[in-house]
Each structure stands twice: as C-alpha cells, then as structure tokens.
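The next block holds one structure in the form of structure tokens; read it before the comments.
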Amino acid sequence: MDLPDASGHFGRYGGRFVPEALVAALDELDDAFRKAWVDDAFHAELDTLLHEYSGRPTPLTPAAGLAKAFGVAEVLLKREDLNHTGSHKINNVLGQALLTKRMGKTRVIAETGAGQHGVATATAAALLGLECVVYMGEEDTQRQSLNVARMQLLGAKVVPVTTGSRTLKDAINEAMRDWVTNVASTHYLLGTVAGPAPFPEMVREFHRVIGKETRQQMPGSAAGCPTQSSPASAVAPTPSASSTTSSTMPTSVSTDTRRQVTASAPDVTPQPCRPVRSAFCTATRSYLLQDDDGQTMASHSISAGLDYPGVGPEHAWLRDSGRVHYEGVTDAEAMAAFELCCRTEGIIPAIESAHAVAGAQRLAKQLGPEASIVINMSGRGDKDVATAAAYFGLGDV
C-alpha cells in the first residue's frame, strides 16, 4: 500500500498549505484518525454502520448487456449505487462523522458538487446528532435541486455559493472559510481525496472497502459472480475522485490487474497537451487547470461532480508514475454511455459513473474480445434525471 510521507506528500504532490488557524485542527484530525485506525472498537462501530445502515457489501454485478455492446467477454459493475444515499460517498462520511464525535465536536460542514456527498453528510449528521451545513455552488444547486431538497429534509442548511464559477471549486473555498472561523466546534467533512493532509490519505482509507470487496468478490465469489480471471482493467470516474483511488489502484483491486483507467471530464484530464500544470489548489499541490498567467481556469462538465479544475494529489502522483492512465470523456460520450447503461442493464447511472462506462467502452476496443473489465458504478442517477431528460429532449422534469 502506498502511503504519503510524514508531511502528507505523494512524491512532490500533496502537503498542507493552510492558514495558521487551521494547523492545530489538522494536527488534531491527523492524531484522531491515526489513533482510531488502530482501535478495534472504532473499526467495529464503523463496520457495523457500513453493514447494517449503509448496506455493505455492495454486489459485483455481471453486466451482460454492456459486455455484448462493448464486444468483450465480461463487464462487472461494482454497485456503489446501491449504498444508502445512492453512492459511495457514505463510506467516507460515516468514518469522518465518527471521528467528529470522537474529537468532541458538534458541527460538520461539507462541500458538494453533484450533491451526493452533501446528502451523505446530512444523513450521517442526522443519525449521529450533529449540526450540518453544506456549501454548494449556485449553478449546482439549480442542476441538482433534488439533492438540495434531500439535504434540507435531513435537517442540513444548504448555502448556495454565488462567487466565482458558482460550482464545486467555489463551494470548497467557502467551506474552508467557514472552518477557519468556527474551527473549535466544527469539523470540515471533506468529500474527496484532495485538500490538505491528512484528507487525501484518510478519505482514501475510508473508501478502500470498495477495492477490498471487489478483490474478494472476483474469483468465483460467494456473491455468485464467477469470473474468467482477474480483471484486465478497472475503470472509475475522477477528477479529485475518492471512488477512483479506492477502486483502481492495483493494491485495491488485484495484484494481477494490468491496467487501471480513470475517465474524467476532458478539460481536467492531466495530459501535457492541455493547460494543466502543477500548482496549489485547495491547500495542496497537484495538477490544476491554469491559463498562461497562472490563474485557475474554469472547468466544464455536464456532471456537477466532475466540474472541478484540479485532481487529488495522489492522482497526480499515480499519473506521473504510470500506474494509472487518465483519459478525458466528452459530455456527448458520457451521455451516450448513460443511455446505453439504462437501455442494456436497466440501471440509471449517475452522470459521473457514466463517464466510467464511456471510458470502459473505449478501452474495450483496445483490449479485444477476451477482456474482463470492472466499472465502479459510483452512484445512481436519480439526481441527474432532469439533466438527462433535458439533454435527450424528453421535456421538463
């Protein structure tokens, strides 16, 4: 298993670049996480919640329709969409919510783009009796209005962010400002493998259950999902992407996995041909969309959860090391994959997950008819029905 060094760096990426007011809070969080991670009682409580409340383990489902459409031997879907709240986000949220209680704090704040992390945070806060405030870009509140309503029903206060691009980047910035102001009572429940140390490592570890289960389920598993071999490829959505680090790293899926691919909105894919440079974003060093003057560029994706100008620091390191391959997926490709998944498998995926389906379809052409591919179905698409209906001309929803 690859860990960051003592200062939270993955190679030259990562680290902690925060106001002095947050240093003590991050030290406290790091200490609480490391003590909890070697505490059997903490793991027992978390495992019980994951099993009895969230519904783990999630199945590894054969997708014969997609396999036929791709022209490969086997496609398997890791069904994170079947978790309580509808995505993988609940894994990390339950872990961090328990840490919040362990630190004696009474309030959590969160950022969200697609809204799934916000819903999961509001859910855990309601379960454990924590005050909850969720920051969300104003544009995302409009395209993810269903999730805004869900958060409010769960008792969370949703704060629309009207600055900047009014999307995920700006929501993260506002959440950081709140944390600086209210650090004594508040834990920032960051939803992805980005931000200052220890967040990238901690969020990854809370999500590692995805890869662990997948590896256990692969060879003629008790889940009734026999496979021909270890997967040739694992595909998951990114950019900052906790679902990717938990499911596509070789140590998380299989030591025999030959190739891991993450599918992203095209303008945040870290390729030399795009204006992506190493820089500081959200209190860490990673790849970031920048213009010639070094200013952060606006990102675009039809998927609110992928509409972010950077990637997590471990992704930057994995890309440079060659262990993980990253490719861009256009809105049109993602929505074609969305429709294909609906029509062949009876599964409406999150648009984020549809990017992974599109990436897998592209990869299948390279691997040939004997290929076996695992796709992390990171979330369900209820939240995206209005966007999809508008895109396909089905009328207002």
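Binning at 10 angstrom from zero up to the longest distance, how are the C-alpha pair distances of the stretch 33-88 distributed in percent?
Over the stretch 33-88, the share of Cα pairs per 10 Å bin runs 22, 31, 27, 14, 7 percent.
Return the sequence-ordered ³J(HN,Hα) values of the stretch 376-393 in whole Hz as given by the Karplus equation 6.51 cos²θ - 1.76 cosθ + 1.60 applied to θ = phi - 60°, using x for Gly and Pro.
7, 7, 5, x, 8, x, 3, 5, 9, 4, 5, 4, 5, 4, 5, 4, 8, x
Take the Cα gyration tensor of the stretch 273-397, multiply each eigenvalue by 5, square-root it, and list the three semi-axes largest first, rounded to whole angstrom.
Numbers: eigenvalues 157, 84, 28 Å².
Semi-axes, largest first: 28, 20, 12 Å.
Leaving ligands, DNA and RNA out of it, rank E339, E201 by accessible area with a 1.4 Å probe, largest first. Don't jump to the answer; show the numbers that get you there.
On the way: E339 70, E201 20 Å².
Largest accessible area first, the list is E339, E201.
More than 17 angstrom separation, counting every C-alpha pair in the stretch 70-141; what % is that?
49
Could you tell me how far the Cα centroid of the stretch 109-152 sits from the Cα centroid of the stretch 25-41, in Å?
Between the Cα centres of the stretch 25-41 and the stretch 109-152 lies a distance of 25 Å.
As an exercise, find the ratio Rg/Rh for the stretch 138-194 from alpha-carbon atoms, using the Kirkwood inverse-distance average for Rh.
On the way: Rg = 12.0 Å, Rh = 12.4 Å.
Ratio of gyration radius to Kirkwood radius for the stretch 138-194: 0.97.
5 Å is the cut-off here: which amide hydrogens, built 1.01 Å from N in the peptide plane, fall below it relative to Y135, excluding neighbours closer than 5 in sequence?
Counting only residues 5 or more places away or on other chains, the set is A110, E111, T112, V159.
Normalised by the empirical 2.2 N^0.38 Å for globular proteins, what value does the Cα Rg of the stretch 90-198 take?
Numbers: Rg = 12.5 Å, N = 109, 2.2 N^0.38 = 13.1 Å.
In units of the globular-protein estimate, the stretch 90-198 measures up at 0.96.
How large is the accessible surface of R34 in square angstrom, using a 1.4 angstrom probe and rounding to the nearest 10?
Its accessible surface works out to 100 Å², give or take rounding.
Please turn the phi angles of the stretch 131-146 into ³J(HN,Hα) values with the Karplus equation 6.51 cos²θ - 1.76 cosθ + 1.60 (θ = phi - 60°), one per residue in order, whole Hz, x for glycine and proline.
Karplus values, whole Hz, x for Gly and Pro: 5, 9, 10, 10, 9, 8, x, 4, 4, 6, 5, 6, 7, 10, 5, 4.
The values are calculated or read from the model by the stated rules, or taken from the named source; none is laboratory data. Bear in mind that the values here come from a model prediction, so they are computed numbers and not experimental data. Heads up: the accessible areas ignore ligands, DNA and RNA and are worked out on the full protein's heavy atoms, side chains in. Shrake-Rupley method; radii C 1.70, N 1.55, O 1.52, S 1.80 Å.
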